[in-house]
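Single-structure report; data block below.
The values are calculated or read from the model by the stated rules, or taken from the named source; none is laboratory data. Note that the coordinates shown come from a computational prediction; the quantities given were computed from them, not determined experimentally. Note that each Cβ is placed from the backbone with ideal geometry, even for glycine, and that neighbours are counted across all protein chains shown.
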């Protein structure tokens, strides 16, 4: 079979509240997910036999730890597939950046192979498989901007205004587990309703812990907040390390990006209402 290419967009958490700790050790959250037009690219070649392998090296992600390969193997096992696949993962999303790179790659694998292996699984079936791989995988299969609760798997669609984002990439990789296990983490924020989201934009209960563990993240966030005009806000996405600011126009985002010091790097992207692969599942 010929090589087929599919995108794996990054996400932003426009706010994040930790409202409790569950008996299984996970935390109960509230957040809003938004996709952006920046991300990884995955290429697939369906093969005879049941071999599943990655055909390229990825800095910082050994093949035996790659969630994209775990997603393919899980789908193969659960659907009883007798074919294999070769996968090339072209990374742009920084590892440990809070942009959902691994989760997005895994979701793209499930969506793409559902089509390429002719499985015709329903969206809710793929979402259930995605949750077994990680808490952020379901939203990429859900496929639209979402207000999320639970560990991130209870999803409601949400309408968001058009926006552009400047994301900065501090030179660190945040260990999510370390952040959530920190004794100083706020774990008792009051839940909000989806209608109240607009007043919560930019709030992230993980920020103070991440700042304490990774000073570079705080430096980048402080720089962003010091260069914003009225109506914009800056925040940590997920557990970081990346931080972002929201703008009404591309020009406004690029004007701030031009002022970045040489010690900082980032990118400008547009918010997406719909995941580019949403039509691969019903």
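Of all helices (runs of 4 or more DSSP H) completely enclosed by region 180-282, which ones contain at least 2 residues that are within 30 Å of residue 6 (Cβ to Cβ)?
250-257
Within region 251-282, can you find the residues that are without any contact (Cβ under 8 Å) to a residue 12 or more places away in the chain and surrounded by 14 or more Cβ atoms within 10 Å (Cβ to Cβ)? Walk me through it before giving the result.
Filtering region 251-282 down to residues without any contact (Cβ under 8 Å) to a residue 12 or more places away in the chain leaves 251, 255, 258, 262-263, 279.
The one that is without any contact (Cβ under 8 Å) to a residue 12 or more places away in the chain and surrounded by 14 or more Cβ atoms within 10 Å (Cβ to Cβ): 255.
Inside region 10-27, can you point out the residues that are assigned to a strand (DSSP E or B) and more than 14 Å from residue 244 (Cβ to Cβ)?
Matches in region 10-27: 17, 18, 19, 20, 21, 27.
What are the residues in region 78-88 that are in contact (Cβ under 8 Å) with a residue 12 or more places away in the chain and outside any helix (DSSP H, G or I), if any? Talk me through it step by step, then tell me what you get.
So the first thing to find is which residues in region 78-88 are in contact (Cβ under 8 Å) with a residue 12 or more places away in the chain, and the list is 78-79, 81-88.
Residues satisfying the conditions are 81, 82, 83, 84, 85, 86, 87, 88.
Checking the conditions here, which among 119, 75, 126 is over 20 Å from the mean Cα position of the chain (by Cα) and assigned to a helix (DSSP H, G or I)?
75
Could you say which residue among 150, 96 is surrounded by fewer than 22 Cβ atoms within 10 Å (Cβ to Cβ), over 13 Å from the mean Cα position of the chain (by Cα) and modelled with pLDDT under 95?
150
Here's a check for you: in region 28-72, which residue that is part of a strand (DSSP E or B) and more than 30 Å from residue 160 (Cα to Cα) is nearest to the chain's Cα centre (by Cα)? Working first, answer last.
Step one: filter region 28-72 for residues part of a strand (DSSP E or B), giving 28-47, 52-54.
When the remaining residues are screened for being more than 30 Å from residue 160 (Cα to Cα), the result is 43-47, 52-54.
Details: 43: 19, 44: 21, 45: 25, 46: 26, 47: 29, 52: 24, 53: 23, 54: 21 Å.
Among those residues, the one meeting the criterion is 43.
Looking at (1) under 15 Å from the mean Cα position of the chain (by Cα); (2) modelled with pLDDT of 95 or more; (3) not in a helix (DSSP H, G or I), can you tell me which one residue 107 breaks?
Of everything listed in (1) under 15 Å from the mean Cα position of the chain (by Cα); (2) modelled with pLDDT of 95 or more; (3) not in a helix (DSSP H, G or I), residue 107 misses just condition (3).
In region 89-103, is there at least one residue being touching a helix residue (DSSP H, G or I) at 6+ places or on another chain (Cβ under 9 Å), farther than 30 Å from residue 236 by Cα and assigned to a loop (DSSP other than H, G, I, E, B)?
No, every residue in region 89-103 fails to be touching a helix residue (DSSP H, G or I) at 6+ places or on another chain (Cβ under 9 Å), farther than 30 Å from residue 236 by Cα and assigned to a loop (DSSP other than H, G, I, E, B).
So the check is Cβ under 6 Å with 6+ separation or different chains; which pairs have a first residue in region 228-243 that's on the phi > 0 side of the Ramachandran plot and a second one that's in a loop (DSSP other than H, G, I, E, B)?
Filtered contacts from region 228-243: 238/98; 240/98; 240/174.
Taking residue 135 as the residue in question, decide whether it is in a loop (DSSP other than H, G, I, E, B), touching a strand residue (DSSP E or B) at 6+ places or on another chain (Cβ under 9 Å) and either in contact (Cβ under 8 Å) with a residue 40 or more places away in the chain or surrounded by fewer than 17 Cβ atoms within 10 Å (Cβ to Cβ) (or both).
When the stated conditions are applied, residue 135 passes them.
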